[in-house]
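The values are calculated or read from the model by the stated rules, or taken from the named source; none is laboratory data. Not measured: the values here are computed from a predicted model. Glycine gets a Cβ as well: all are built from the backbone with ideal geometry, and neighbour counts include every protein chain shown.
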Amino acid sequence: MDRRSFVKKGALGIAAASLVRPLMAGEANAETQHKPAEKTFVARFKPIMISTWSHGLEANKAGWEVLAKGGTSLDAVEAGARQTEADVSNRSVGIGGMPDKEGHVTLDACIMDWESNCGSVGYLEGIAHPISVARHIMENTPHVMLVGAGAKKYAMQHKFERIKTPIPEVKMAWKEWKKEQEAIAKKPVINHENHDTIGLLAMDSSGRISGACTTSGWAYKLPGRLGDSPIIGAGLFVDQEVGGAVATGLGESIIKIAGSHTVVELMRNGFTPEEACKEAVNRLIRKHKDMTGLQCGFIAINTEGKVGGYSVFNGFNYALRTEQEEQLVDAPFDRSW
Ligand code: GLY
């Protein structure tokens with residue numbers, strides 16, 4: 001797209017976005033600006049939820065229980081993320097997650113709502129639900145992000161459920177890996193089997209959009225490493241004027257382009273969710289000479305409830321849940337492995 005048509009599309013996009021933005025009853029405008037705005041959303045939207053990878057199907061089920069009862073998108077994405085965090089068979093999220101190089105399972109998560117409230121936790125060990133700790137930080141502290149020992153202390157002070165990690169199977173796999181590896185972690189092959197984050201986006205019946213993501217990160221990472229998932233703007237971004245996006249894949253590459261924020265800003269400028277994800281993927285590719293193991297995908301939703309996704313390599317999919325359908329969607333991609 002040339003600059004001229006981008007600007008033109010952008011202008012249309014902004015106009016369209018402001019037309020479809022969820023209305024708040026009594027919201028101030030030219031006629032009502034003398035009245036105080038009530039922050040009550042009008043319930044007239046069809047709920048929708050999307051989550052990365054096939055583990056997103058079960059996560060969406062948990063989130064849908066909230067949305068179907070008229071609950072908020074924030075409660076829905078938290079419920080979905082908690083479902084995956086509790087799944088002992090999942091090797092990239094929560095209790096069953098893979099450890100760092102020294103055998104410690106350290107978890108990252110973040111959450112963001114329609115009012116741009118956000119919370120994040122990084123490098124958290126031994127706590128079952130990092131997503132709920134992130135939400136607690138968002139709702140009860142003046143901060144956005146807590147990491148490491150401070151985050152653990154916070155979680156324990158607030159009596160969050162504790163877990164013992166790594167679980168025995170994962171510990172065994174780590175010991176095997178350790179035997180084979182002398183040096184620091186090499187770039188992994190990233191696919192659904194050995195990696196990745198769950199990212200979730202939901203719109204509730206009042207049109208409110210929220211997002212969450214949670215991960216154990218890059219298996220056998222260097223101790224202290226954080227990926228994109230706890231970083232607002234990289235792993236997740238929501239702006240109720242436009243929509244939301246979440247990322248999955250090699251966190252280092254996603255951070256380099258402030259991935260999820262980039263997707264949202266592209267939608268602000270008139271791109272559809274899929275076009276925005278595709279352009280972010282193209283930007284990411286342009287920034288990398290070495291494409292080895294560089295799988296990365298985005299999913300996005302706009303305020304009209306339109307969704308889309310795109311990935312660098314084939315194999316990325318996302319789970320979609322609406323009143324009518326529950327399915328796994330293969331995302332379009334730039335190149336094949
Ligand atoms: N996308 C998850 C990570 O890189 O940690």
- Contacts under 7 angstrom Cβ, first residue in the stretch 89-116 being without any contact (Cβ under 8 Å) to a residue 12 or more places away in the chain and away from the ligand (no atom under 13 Å from the Cβ), partner not in a loop (DSSP other than H, G, I, E, B) and not aromatic (Phe, Trp, Tyr), 6 or more apart: Ser89/Gly96
- Among (1) under 18 Å from Ser229 (Cα atoms); (2) away from the ligand (no atom under 16 Å from the Cβ); (3) of a type outside the set (Phe, Trp, Tyr), the one test that Glu326 misses: (1)
- Failed condition for Lys278, given (1) basic (Lys, Arg); (2) away from the ligand (no atom under 16 Å from the Cβ); (3) in a loop (DSSP other than H, G, I, E, B): (3)
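Filter the stretch 230-243 for residues that are in contact (Cβ under 8 Å) with a residue 60 or more places away in the chain and assigned to a loop (DSSP other than H, G, I, E, B); which is nearest to the ligand (Cβ to nearest atom)?
Step by step, filter the stretch 230-243, then rank; the result is Gly235.
Out of the residues in the stretch 263-273 that are farther than 16 Å from Gly199 by Cα and part of a helix (DSSP H, G or I), state the one that is farthest from the ligand (Cβ to nearest atom). Walk me through how you get there before you give the answer.
Kept after step one, since they are farther than 16 Å from Gly199 by Cα, are these residues of the stretch 263-273: 265-272.
Subsequent filtering for residues that are part of a helix (DSSP H, G or I) retains 265-268.
Working: Glu265: 20, Leu266: 20, Met267: 21, Arg268: 24 Å.
By that ranking, first place goes to Arg268.
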- Report yes if some residue within the stretch 190-198 is more than 14 Å from the ligand (Cβ to nearest atom), at pLDDT 95 or above and surrounded by fewer than 24 Cβ atoms within 10 Å (Cβ to Cβ); otherwise report no. no
- Report, ordered by the first and then the second residue, all pairs with beta carbons closer than 7 Å, sequence separation of six or more or different chains, a first member in the stretch 161-188 that is closer than 14 Å to Ser92 by Cβ, and a second member that is modelled with pLDDT of 95 or more and among the polar types (S, T, N, Q). none
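Does Asp334 fit the bill of being in a strand (DSSP E or B), at pLDDT below 95 and surrounded by fewer than 24 Cβ atoms within 10 Å (Cβ to Cβ)?
Working: in a strand (DSSP E or B): yes; at pLDDT below 95: yes; surrounded by fewer than 24 Cβ atoms within 10 Å (Cβ to Cβ): yes.
Taking the combined requirement at face value, the residue satisfies it.
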- Query: Of the residues that sit in the stretch 244-257 and are more than 13 Å from the chain's Cα centre (by Cα) and more than 9 Å from the ligand (Cβ to nearest atom), which one is farthest from Cys277 (Cα to Cα)?
  - Reply: Lys256
- Just for the stretch 201-229: of the residues that are away from the ligand (no atom under 13 Å from the Cβ), of a type outside the set (A, V, I, L, M) and not in a loop (DSSP other than H, G, I, E, B), which one is nearest to Gln83 (Cα to Cα)? Gly211
- Scanning the stretch 118-164 for residues that are among the aromatic types (Phe, Trp, Tyr) and touching a helix residue (DSSP H, G or I) at 6+ places or on another chain (Cβ under 6 Å), the one surrounded by the fewest Cβ atoms within 10 Å (Cβ to Cβ) turns out to be Phe160
- Message: Residue pairs, Cβ under 7 Å, 6 or more apart or interchain, first in the stretch 204-220 and at positive phi, second assigned to a strand (DSSP E or B). List them.
- Response: Gly207/Phe41; Gly217/Asp108
